[in-house]
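Here the structure comes first, spelled out in structure tokens, and everything after it is commentary.
The values are calculated or read from the model by the stated rules, or taken from the named source; none is laboratory data. All values derive from a computational prediction rather than experimental measurement. Glycine also receives a Cβ, built like all others from the backbone with ideal geometry; neighbour counts cover every protein chain displayed.
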Amino acid sequence: MAVEYPHRSVQKINLKQVIKDREVKTLINEADRQLEVLGYTEHGLRHARLVAKNSRQILVQLGYDERIAELSAIAGYLHDIGNVVSREGHEKTSALLARDILVRLGMDYSEIAQIMTAIGNHHEEGGNPVSEVAAALILADKADVHRSRVRNPALIKFDIHDRVNYAVRRSVLSVDSDKRRIIFDLKVDTQIASVMEYFEIFLSRMLISRRAADFLNCKFEMLINENRLV
């Protein structure tokens, strides 16, 4: 049962405070350790920082309120902490764990609710871009495809997820605010993995990314080796 703080003082919590929190650090590190045992790509502090940064950047560059952008950054940093419990349903567990942390830190309940909604909807299986915060989180999370996430390159010939991630030499998520475009630009080594293999495992992620861009009144574009595919 969650602990309530009826007489707590409400504060405007920012990403720096969340990053410094000992519980948050522990949950991210332990969640990533469990995923490593299960054979998943890196989901640790590097991933959390990058998703937080890009979530904020998307909304700032599109002209959204700075506080909304900050909430998106916080959601981005906390979105995978539920993996410490289980990979299955991790988005829901992450939202609930984030709720308890943010209540303890003194965040306003309405802001906590926005972050919970975004985290609970970030996964491509069942998630939906139901708010600006959720849409930015989805785009930032799905864009983190890169060889640096592969833990053991020696195994790439056996695992298609590792192989595709390892084939990505460069990945850039950018925003064209004038033309309302969100662009995912990849440099893929097709000697390691084909473009078809990329779509085989990431098609659902690209579809939810397109819906997220639509929610922000933007067009989602994807480039692989300078060829426009979406």
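Points to keep in mind about this one:
- Picking from residues in segment 69-95 that are free of Cβ contacts under 8 Å to residues at least 40 places away in the same chain and acidic (Asp, Glu), the one that is nearest to Gly127 (Cα to Cα) is Glu91.
- Of residues in segment 75-88 being of a type in the set (Gly, Ala, Ser) and more than 18 Å from Val130 (Cα to Cα), the one surrounded by the most Cβ atoms within 10 Å (Cβ to Cβ): Gly82
- All of Ile156, Ile119, Ile182 fail the test of being under 20 Å from His43 (Cα atoms), among the hydrophobic types (A, V, I, L, M, F, W, C) and touching a Ser or Thr at 6+ places or on another chain (Cβ under 9 Å), apart from Ile119.
- The residues on offer are Ile156, Ile112, Ile119, and the sole one that is touching a helix residue (DSSP H, G or I) at 6+ places or on another chain (Cβ under 6 Å) and over 27 Å from Leu216 (Cα atoms) is Ile156.
- Qualifying residue in segment 98-117 (condition: crowded, with 22+ Cβ neighbours inside 10 Å and either in a loop (DSSP other than H, G, I, E, B) or acidic (Asp, Glu) (or both)): no
- Among the residues of segment 99-115, those that are in contact (Cβ under 8 Å) with a residue 24 or more places away in the chain and among the hydrophobic types (A, V, I, L, M, F, W, C) comprise Ile101, Leu102, Val103, Leu105, Met107, Ile115.
The rows are residues; the columns are (1) β-branched (Val, Ile, Thr); (2) at pLDDT below 90; (3) out of contact with any strand residue (DSSP E or B) (no Cβ under 8 Å at 6 or more places or on another chain); (4) assigned to a helix (DSSP H, G or I).
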{"site": "Ala2", "(1), (2), (3), (4)": "no, yes, yes, no"}
{"site": "Pro6", "(1), (2), (3), (4)": "no, yes, yes, no"}
{"site": "Ser9", "(1), (2), (3), (4)": "no, yes, yes, no"}
{"site": "Lys16", "(1), (2), (3), (4)": "no, no, yes, yes"}
{"site": "Ala31", "(1), (2), (3), (4)": "no, no, yes, yes"}
{"site": "Glu36", "(1), (2), (3), (4)": "no, no, yes, yes"}
{"site": "Glu42", "(1), (2), (3), (4)": "no, no, yes, no"}
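- Test for Arg87: is it outside any helix (DSSP H, G or I), farther than 26 Å from Cys218 by Cα and of a type in the set (Lys, Arg): yes
- Per-region count, segment 175-206, residues within 23 Å of the chain's Cα centre (by Cα) and either farther than 17 Å from Leu137 by Cα or not in a helix (DSSP H, G or I) (or both): 19
- Selection status of Tyr77, assigned to a loop (DSSP other than H, G, I, E, B) and under 19 Å from the mean Cα position of the chain (by Cα): no
- Of all residues in segment 157-169, those satisfying the criterion of being in contact with an Asp or Glu (Cβ under 8 Å, 6 or more places away or on another chain) and surrounded by fewer than 20 Cβ atoms within 10 Å (Cβ to Cβ) are Ile160, Arg169.
- Of note, Leu62 satisfies the criterion of being out of contact with any helix residue (DSSP H, G or I) (no Cβ under 6 Å at 6 or more places or on another chain), over 18 Å from Ile13 (Cα atoms), aliphatic (A, V, I, L, M) and at pLDDT 95 or above.
- Complete set of residues in segment 150-190 that are of a type in the set (Phe, Trp, Tyr) and over 26 Å from Val60 (Cα atoms): Phe158, Tyr166
Residues are listed down the side, and each one gets a yes or a no for (1) of a type in the set (Lys, Arg); (2) touching a strand residue (DSSP E or B) at 6+ places or on another chain (Cβ under 7 Å):
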{"position": "Ile119", "(1), (2)": "no, no"}
{"position": "Val133", "(1), (2)": "no, no"}
{"position": "Ala143", "(1), (2)": "no, yes"}
{"position": "His146", "(1), (2)": "no, yes"}
{"position": "Tyr166", "(1), (2)": "no, no"}
{"position": "Asp178", "(1), (2)": "no, no"}
{"position": "Ser209", "(1), (2)": "no, yes"}
{"position": "Lys219", "(1), (2)": "yes, yes"}
{"position": "Leu229", "(1), (2)": "no, yes"}
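- Selected residue (criterion: surrounded by the most Cβ atoms within 10 Å (Cβ to Cβ)) from residues of segment 54-68 that are free of Cβ contacts under 8 Å to residues at least 60 places away in the same chain and assigned to a helix (DSSP H, G or I): Val60
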